[in-house]
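Student: One structure, as structure tokens, below. Some questions next.
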Amino acid sequence: MSNLRDHQSVVIDKFMGLWARGSKEETPMDHFQDCINVLAGTGQSFGTRPGIGISQDVAVPLEDIRRIYNYPTQTGNTLIVLAYDQGADEGSIYHMVNATTVFGPLLTIEGMTDFAFIPIAGRAYISPFSTFVVGGLNVEKGLEDEFLYVYAGDGTPARKAAGVPLTGNMTIANGAAGFTDPGLHIFAFVSETISGFLAEPGLMETFTTAASSSVSFGSVSASGDPNVTKRHLVATKVLPTFNGDLTGYQFFFVPNATINNNTDLFLNNISFFDADLLDDASHLFDNFSEIPAGAVLSIYHNRLVLATTFDDISLILVSAQGEPEAISEIDGLLVYPPDGNPVTNAQELRDILYAFKRSKTVSFTDNGDVPSSWPLVTVDTALGTCVHGIATVLDSGSSSIDYLIIATYQGLSLFNGRFITPELSWKIEDYWKALDRDDFRYIQIVNAPIQKWIIMVLPTRMVLVGNYSLGMDPMKIRWFPWSFEIGFNTVAIFNIDEIILGGEL
Amino acid sequence: MGTYQVDICVSVGTKTGEWEGENTGADAELIAGINNQVIDAVLLKGGKLHIASPSAVGTWLIRFGFDQNSDIISLDGAPHISYNNLPAGFGILADAVLTIGSRGSVTTGGSSLKLQSGPLTESAALPFVGGIGANGYVFALPVFPVPTMLDIINDGFGIETTYTGATDFSAFYFARITGTYTTFAFSWDMSQDGENAAVGELITITSEFSIDPANSMDLTHVTLSMACGIIVPIIQTTDLFTFLVPDSCDDAGLQTLTATGDGTQFSGSVALGTLTILLTNASGIYTLVPGKRQDTYYSSHRDGTTVDIKIPDPTGRTGFVGG
């Protein structure tokens with residue numbers, strides 16, 4: 001390039017994305033002071049962003065999409081979708097198996113403008129929530145008089161998680177020749193649903209067994225819940241005295257005493273000794289029979305974590321290990337110090353459960369005992385996040401690799417147990433801080449490691465892409481805002497690297 | 001300003017008498033005869049339009065027509081173009097004349113030329129304004145009302161000749177309408193020029209014709225159109241034109257709104273502005289497609305069809321002051 005006399009030519013051969021920090025004159029030469037619908041190319045070049053195509057190849061596609069999550073099932077990677085009908089004020093959840101197959105609506109609830117979701121063992125746990133204005137503050141919390149739902153992934157409608165005990169009056173008599181520890185026992189049956197939830201003991205009756213006889217049970221009620229697949233016999237050990245309180249004694253599962261269906265009304269000739277009663281069933285009395293809806297769902301140490309119910313915005317419910325629907329009303333609770341702000345998010349990282357409010361972060365550590373005994377540690381008293389403000393990674397649904405990517409009021413930050421500064425969005429601080437904090441609930445983030453992109457849907461319903469192919473570093477990451485003909489509300493990753501956007505006009 | 005010449009007839013209308021061209025009375029020969037531009041002061045009939053039987057006493061009429069699509073108009077001596085390709089804002093001034101070459105014993109006293117005010121209706125005989133010259137007889141078109149180019153094109157002209165004697169003879173050739181034209185530059189205002197619009201949205205075009213007719217568009221003499229649909233005016237006055245974006249324009253994206261003059265104030269088409277017709281309901285689930293050069297949306301008809309829209313203005317402004 002020829003030079004004009006006394007002028008030095010300036011070559012611009014690096015394009016490092018958007019710079020929105022300070023005045024425009026301070027924009028470095030290798031950044032854009034303004035850009036839209038471009039994307040980093042190979043090396044440090046740039047080009048037009050990729051276009052979008054339709055995801056459904058059907059005559060009547062889903063519309064008015066509010067939320068999409070990646071939903072890994074037993075048989076493949078799918079999507080679970082919330083479509084919201086503004087006119088009817090109804091949210092409906094669908095299961096999009098592939099471009100041509102959609103199940104649903106699985107669940108339709110009035111007022112469900114958003115939902116929390118966690119997949120466990122191929123099932124989808126769904127919690128409807130919405131935004132309420134409380135004292136001038138937007139609060140995302142579970143819908144009033146609504147509950148946690150479970151969906152099997154097979155197209156059948158979602159049902160309420162947990163369940164109620166069996167009811168009725170069973171009959172007990174001595175059976176054929178057998179054995180028991182003779183004396184007064186209390187017997188009951190525990191129903192088990194197809195998702196493995198054990199209800200509290202029901203059909204409780206007392207009976208005095210004989211040493212050389214087994215025990216037979218009749219009129220064992222079937223459950224009114226069609227999802228019950230088994231009924232387990234539980235019993236107390238011999239009671240030397242009985243005060244009349246059927247629930248005041250410890251129950252145990254009786255070995256080899258299960259009705260493996262929800263139809264038979266009898267179980268005959270059960271023999272057992274008290275020494276065989278090892279598996280406690282009493283804890284089932286304390287479990288929620290209906291788990292209230294919350295705004296947050298997560299997994300920690302194989303326990304389901306649910307937070308921010310309609311009545312308790314600082315309460316976190318934690319299930320028994322391996323039993324996502326078994327949440328004790330007594331000791332399955334974590335209390336986030338109340339301050340008028342709701343719990344907005346929860347995520348496990350390196351064996352610790354981090355719980356967030358909009359501008360606060362605490363942690364809980366599983367000490368091997370019941371959740372209510374877990375110690376709380378304050379991590380940050382200034383930074384937190386919003387309901388969808390933690391990036392999910394690939395299509396696993398899990399948020400973490402070795403760090404979390406979290407949207408805070410300060411910016412988009414890496415979190416490894418503390419918020420790392422400077423934040424990833426340092427170069428576009430002004431752009432970030434221009435976002436309306438009251439609408440941070442609209443932010444949703446995915447991390448696509450194959451493309452090395454962080455993709456965010458913003459409160460403006462535009463998309464912001466951070467290309468970190470040069471490094472996950474505030475100085476090297478390249479930011480590019482994108483716009484479309486419609487506004488997008490949600491983003492997810494499907495089939496490892498397929499980026500899905502959902503929107504409404 | 002410039003000069004125009006319409007000199008190629010394309011059709012024969014009604015006629016009485018036995019008109020002939022070079023050899024026969026076929027329409028093609030009649031047209032060739034009246035279009036014949038050879039200024040021939042010697043030969044009587046060859047290649048010209050004439051009555052087949054000389055001394056056929058009576059009054060004989062033949063009409064000729066133009067059309068809007070054929071290349072029959074020459075501006076400033078340039079190659080011919082069609083009416084539809086006239087430059088935007090084209091308008092003829094009041095000095096149009098009709099000239100026809102003529103040979104024969106029946107001169108202006110026995111022949112008359114008439115401008116048609118409809119395909120079957122002729123005006124009174126046009127005044128003869130010039131004698132036989134090298135280019136033939138010159139007749140002025142009516143001054144008032146000023147015919148528009150569209151009138152000329154749509155209506156054509158006619159020749160009526162009267163033979164009273166056995167030796168009367170007339171031959172006609174090189175009929176042309178000439179005059180001066182100008183290209184009017186009108187002002188107007190469009191309410192959403194360059195902006196987004198939705199189906200059913202009201203679009204307003206305003207003009208100041210009632211205040212400044214020389215420089216403003218008369219909105220009563222235009223037809224508005226967009227490629228995506230027919231525009232039906234709600235209000236159409238000299239100063240105001242309003243319409244609703246039609247349903248057929250749903251998903252249409254960037255559209256140019258065009259005003260086509262009816263020839264009264266101007267001919268041709270003028271682009272009034274652009275609208276980007278929004279998708280009314282393209283909501284749904286989409287996939288980012290690497291390398292895709294445009295965005296594909298669900299059609300608002302929600303019937304499985306799609307619409308492709310270009311990626312909105314990829315732009316990057318560098319750190320240089322001024323971009």
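Student: What single numbered condition from (1) open to solvent by 40 Å² or more (accessible area, probe 1.4 Å); (2) under 26 Å from B:ILE311 (Cβ atoms); (3) of a type in the set (Ser, Thr, Tyr); (4) within 12 Å of chain B (Cβ to nearest Cβ) fails to hold for A:THR100?
Tutor: (2)
Student: Something else about it: Give just the number: which of (1) part of a loop (DSSP other than H, G, I, E, B); (2) at pLDDT below 95 does A:ASN138 not satisfy?
Tutor: (1)
Student: Collect the residues in the range A:48-62 that are free of Cβ contacts under 8 Å to residues at least 12 places away in the same chain and either out of contact with any strand residue (DSSP E or B) (no Cβ under 8 Å at 6 or more places or on another chain) or closer than 16 Å to A:SER483 by Cβ (or both), keeping them in residue-number order. Don't jump to the end; show me each part of the working.
Tutor: Residues of the range A:48-62 free of Cβ contacts under 8 Å to residues at least 12 places away in the same chain: A:48, A:50-51, A:53-54, A:59-61.
If the condition is that a residue be free of Cβ contacts under 8 Å to residues at least 12 places away in the same chain and either out of contact with any strand residue (DSSP E or B) (no Cβ under 8 Å at 6 or more places or on another chain) or closer than 16 Å to A:SER483 by Cβ (or both), then A:THR48, A:PRO50, A:GLY51, A:ALA59, A:VAL60 are the ones that fit.
Student: Let me ask you something else. Kindly check whether there is at least one residue in the range A:161-169 that is crowded, with 16+ Cβ neighbours inside 10 Å and farther than 23 Å from A:LEU315 by Cβ.
Tutor: Yes, the conditions are met somewhere in the range A:161-169.
Student: Of all residues being closer than 14 Å to A:GLY122 by Cα and of a type in the set (A, V, I, L, M, F, W, C) in the range A:144-159, which is most open to solvent (accessible area, probe 1.4 Å)? Just the residue, please.
Tutor: A:ALA152
Student: Looking only at the range A:239-254, count every residue that is among the aromatic types (Phe, Trp, Tyr) and either closer than 19 Å to A:VAL215 by Cα or surrounded by fewer than 13 Cβ atoms within 10 Å (Cβ to Cβ) (or both) and tell me the total.
Tutor: 3
Student: If a residue counts only when it is in contact with a helix residue (DSSP H, G or I) (Cβ under 8 Å, 6 or more places away or on another chain), which strands (runs of 3 or more DSSP E) contained entirely in the range B:158-224 have at least 1 such residues?
Tutor: B:171-183, B:202-206
Student: May I pose another question? Among the residues of the range B:300-323 satisfying the criterion of being within 7 Å of chain A (Cβ to nearest Cβ) and part of a strand (DSSP E or B), which is surrounded by the fewest Cβ atoms within 10 Å (Cβ to Cβ)?
Tutor: Out of the qualifying residues, it is B:THR315.
Student: Hey, could you check the range A:479-505 for residues that are at the interface with chain B (Cβ under 8 Å from one of its Cβ atoms) and not in a strand (DSSP E or B) and say which is least open to solvent (accessible area, probe 1.4 Å)?
Tutor: A:ILE486
Student: Which one is nearest to the chain's Cα centre (by Cα) among residues in the range A:29-44 that are at pLDDT below 90 and within 10 Å of another protein chain (Cβ to nearest Cβ)?
Tutor: Per the criteria, the residue is A:ASP30.
Student: Quick one: how many residues across the range B:244-299 are open to solvent by 10 Å² or more (accessible area, probe 1.4 Å), away from chain A (no Cβ under 14 Å) and either within 19 Å of A:ARG461 (Cβ to Cβ) or part of a helix (DSSP H, G or I) (or both)?
Tutor: 2
Student: Turning to a different aspect of this structure: Being assigned to a strand (DSSP E or B), farther than 27 Å from A:LEU383 by Cα and open to solvent by 40 Å² or more (accessible area, probe 1.4 Å) is the filter here, so list the residues in the range A:284-341 that pass it.
Tutor: The answer is A:GLU323, and nothing else.
Student: Just to verify a result, which residue in the range A:430-458, among those that are farther than 17 Å from A:GLY384 by Cα and more than 26 Å from the chain's Cα centre (by Cα), is least open to solvent (accessible area, probe 1.4 Å)?
Tutor: Filtering first and then ranking leaves A:TYR431.
Student: Right, another one. State whether the residues of the range A:72-87 include one that is at negative phi, among the hydroxyl-bearing types (Ser, Thr, Tyr) and open to solvent by 40 Å² or more (accessible area, probe 1.4 Å).
Tutor: yes
Student: Where residues in the range A:205-219 are farther than 11 Å from A:LEU184 by Cα and free of Cβ contacts under 8 Å to residues at least 40 places away in the same chain, which of them is least open to solvent (accessible area, probe 1.4 Å)?
Tutor: Taking the candidates together, the pick is A:SER213.
Student: Specify the residue that is farthest from A:VAL150 (Cα to Cα); the eligible residues are those in the range A:103-115 that are open to solvent by 40 Å² or more (accessible area, probe 1.4 Å) and at pLDDT 95 or above.
Tutor: At the first step, the residues of the range A:103-115 found to be open to solvent by 40 Å² or more (accessible area, probe 1.4 Å) are A:103-105, A:108, A:110.
The next check asks that each one be at pLDDT 95 or above; those that pass are A:103, A:105, A:108, A:110.
Numbers: A:PHE103: 15, A:PRO105: 14, A:THR108: 13, A:GLU110: 18 Å.
So the residue we want is A:GLU110.
Student: Only residues that are of a type in the set (D, E, K, R) and either assigned to a strand (DSSP E or B) or at the interface with chain B (Cβ under 7 Å from one of its Cβ atoms) (or both): list them for the range A:50-84, please.
Tutor: Within the range A:50-84, A:GLU63, A:ASP64, A:ARG66, A:ARG67 meet the criteria.
Student: Could you list, in sequence order, all residues of the range A:276-330 that are at negative phi and among the β-branched types (Val, Ile, Thr)?
Tutor: A:ILE291, A:VAL296, A:ILE299, A:VAL305, A:THR309, A:ILE313, A:ILE316, A:VAL318, A:ILE327, A:ILE330
Student: Based on this model, can you work out whether A:LEU424 counts as more than 21 Å from the chain's Cα centre (by Cα), assigned to a loop (DSSP other than H, G, I, E, B), modelled with pLDDT of 95 or more and crowded, with 16+ Cβ neighbours inside 10 Å?
Tutor: So A:LEU424 fits the description; yes.
Student: So for the range A:86-104 (the condition being outside any strand (DSSP E or B) and within 16 Å of A:PRO157 (Cβ to Cβ)), does at least one residue qualify?
Tutor: No: the range A:86-104 contains no residue that is outside any strand (DSSP E or B) and within 16 Å of A:PRO157 (Cβ to Cβ).
The values are calculated or read from the model by the stated rules, or taken from the named source; none is laboratory data. As the structure is a computational prediction, the values presented were derived from the model and not from experiment. Virtual Cβ from ideal backbone geometry, glycine too; neighbours counted across all protein chains shown. Note: accessible area is taken over every heavy atom of the protein model, side chains too, but ligands, DNA and RNA are not part of it. Shrake-Rupley method; radii C 1.70, N 1.55, O 1.52, S 1.80 Å.
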